[in-house]
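Comments concern the structure below.
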Amino acid sequence: MIIAIPDNPLFQPLVARAEEVAAANNGRVIRTTEEQCIHLLHANSADLALLSPYGYGKGVTQSDYRIVPTTCCILNGWTNTGAIFFGKGLETINTLTSSVPDDFITRAGQIILEEQFDIEHPLQPGKGTVAELLTTHDAVIGWRGNEDEYTGMDISEEWQLCFDTTLPIMLWVCREENSVELPLFDITEQLAAPNLQAVQQCTEQHPHGDTFAREGEILWRWNEQTEEHLTQILYLLYYHQCFPEIPAVKILGRD
């Protein structure tokens, strides 16, 4: 068994025991980029992969995918995970960049700018810190990481304000033909950190000015609203021409 995982510390609660579980199942773990996880599952070089909604939808004309509805990562409201950073004193935005142009958080940020503010510019890949990228571009989209000194538009908070839904950002996905022989419901549960809670509360520690501390949560388990919100995201990604047709949400063991 081969498990493909994005090498991002945000998702560590979902894969804290990955190497241990893979070894017990005569398998191995590949920690790589989000984009490479998509390619590995599509090429049948992985049996199970942690994919974004975009990664799941990319398989619509290529493979028959199923979602394992156990653990996942869903952003709800202010989570301080991804942000859109702006240069100081801007009157308009003409250039966009990101050091993680292929990550779903960046794509979500672009959609927010287009839908909420009618800002639509090609994304230019870049390398460096937010400070370095803002010397040559008007706005930077990506993970917040250690950039706490920069105020930025919180992507998951803006997503909720714009679309009134949570933002499912990572899901366990397998190929239908490979799902029969592997106990994937059990395996995905075993991969996670021990005693993984369903909800992780997020509260802003240093509110700006006289504003109240913003709040949100990271949901680590599939819930009754996830399928509905994921369906809306797939429609939205199709509208923004990410897929040639609208992907159906197919659940392992049901569809």
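Some notes on this structure:
- Criterion applied to T106, T166 was being under 15 Å from L237 (Cβ atoms) and polar (S, T, N, Q), and the one residue passing it is T106.
- In region 36-43 there is at least one residue that is open to solvent by less than 10 Å² (accessible area, probe 1.4 Å) and more than 15 Å from L230 (Cβ to Cβ).
- In the set T211, T165, T136, T226, only one residue is closer than 16 Å to L14 by Cβ and hydroxyl-bearing (S, T, Y); that residue is T226.
- Residue that is modelled with the lowest pLDDT, among those in region 160-182 that are open to solvent by 30 Å² or more (accessible area, probe 1.4 Å), in a loop (DSSP other than H, G, I, E, B) and farther than 22 Å from E19 by Cβ: V180
- Restricting attention to region 31-71, the residues that are touching a Pro at 6+ places or on another chain (Cβ under 7 Å), of a type outside the set (S, T, Y) and modelled with pLDDT under 95 add up to 1.
- Residue satisfying all of: in region 212-255; among the aromatic types (F, W, Y) and open to solvent by 80 Å² or more (accessible area, probe 1.4 Å); farthest from E189 (Cα to Cα) among these: F212
- Helices (runs of 4 or more DSSP H) contained entirely in region 1-90, each with at least 3 residues that are farther than 22 Å from Q232 by Cβ: 12-15, 18-24, 34-42
- Within region 183-197, residues that are open to solvent by less than 70 Å² (accessible area, probe 1.4 Å) reach partners that are small (G, A, S) with beta carbons closer than 6 Å, at six or more positions or on different chains, in the pairs L191/A18; A193/A16.
- Hits in region 231-251 - residues which are out of contact with any Asp or Glu (no Cβ under 8 Å at 6 or more places or on another chain), in a loop (DSSP other than H, G, I, E, B) and not β-branched (V, I, T): Q241, C242, F243, P244, E245, P247
- Taken over region 91-125, the residue count meeting the criterion of being open to solvent by less than 40 Å² (accessible area, probe 1.4 Å), assigned to a loop (DSSP other than H, G, I, E, B) and touching a helix residue (DSSP H, G or I) at 6+ places or on another chain (Cβ under 6 Å) is 3.
The values are calculated or read from the model by the stated rules, or taken from the named source; none is laboratory data. Note that the structure is predicted; figures quoted are calculated from it, not measured. All Cβ positions, glycine included, derive from the backbone under ideal geometry; neighbour counts span all protein chains shown. The protein model used for the area step is the full one, side chains on, heavy atoms only, and it has no ligands, DNA or RNA in it. Shrake-Rupley method; radii C 1.70, N 1.55, O 1.52, S 1.80 Å.
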